[in-house]
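Data block below; observations after.
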Amino acid sequence: MGTESQNYLPPYEHPPPWIPSHERDRHPDYCSDIEQFLPRNISLQRNKTSEQLGFNIRGGKEHNCGIYISKVMPNSEADRLGLQEGDQILSVNDENFEFIDHGEAVKILKMNTSIWMVVRFFPYGYNRTYNKSRSPGSPHSPYLNR
C-alpha cells in the first residue's frame, strides 16, 4: 500500500477499553460490522427532471475530495431508498463520480429521470469535507477557491 492510499485511510482504532471483548458483538458503543461500508446500488426514479432529487451533495474534484450526500430530505424517495448523510457517490449511470467537479456532478444528477447510483457509506471521507483546519486555497481544501 503506497503512502498516497495511507493518507486517505483513517488510523486503526482499537476497541474502547471499557467494552469487554466478550460483549463487543452486542454492545451499542462498538460496531465491527464492515458491511455497512460496502458499496450498494440505488435506483432513483423521477417523473420529470424538474422534480427534486431528495438529497444535497457537497465536495468535488475542485475540493480535492469525492462527491458526498450532505443532506437527505425526510420522507423523500432518496430517504426511503436508504441514502444517508456521509454516503459517497461512486458513480451515477455508469459515470465515475470519484474525480468529478461538483458542477458536473450536479448537472448529471439533475438531467436524468432514471438515476442508478453506486454509493458507499464513508463518513471519514465526508468529515474531511468539513475540516476547518485547512484554509481555502490550500491544495487539500474542501472549500471553493474564490
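The values are calculated or read from the model by the stated rules, or taken from the named source; none is laboratory data. The model shown is predicted, which means the values in this text are computed figures rather than measured ones. No Cβ is skipped: glycine too gets one built from the backbone with ideal geometry, and neighbour counts run over all protein chains shown.
A quick yes/no check of all residues on (1) closer than 22 Å to Gln45 by Cβ; (2) in contact (Cβ under 8 Å) with a residue 12 or more places away in the chain; (3) touching a Gly at 6+ places or on another chain (Cβ under 9 Å):
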| residue | (1), (2), (3) |
| --- | --- |
| Arg58 | no, yes, no |
| Lys61 | no, yes, no |
| Ile67 | yes, yes, yes |
| Glu77 | yes, yes, yes |
| Gly82 | yes, yes, no |
| Asp94 | yes, yes, no |
| Phe99 | no, yes, yes |
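Go over the candidates Ser43, Ser32 one by one and state the one that is among the small types (Gly, Ala, Ser) and modelled with pLDDT of 95 or more. After applying the criteria, what remains is Ser43. Contact map, region 9-26: first residue surrounded by 10 or more Cβ atoms within 10 Å (Cβ to Cβ), second residue at pLDDT below 70 and among the small types (Gly, Ala, Ser), Cβ cut-off under 7 Å, separation 6 or more or different chains; pairs are Arg24/Ser32.
Just give me the residues in region 30-46 being polar (S, T, N, Q) and either more than 17 Å from Met117 (Cα to Cα) or touching a Gly at 6+ places or on another chain (Cβ under 8 Å) (or both), in sequence order. Passing the criteria: only Ser32.
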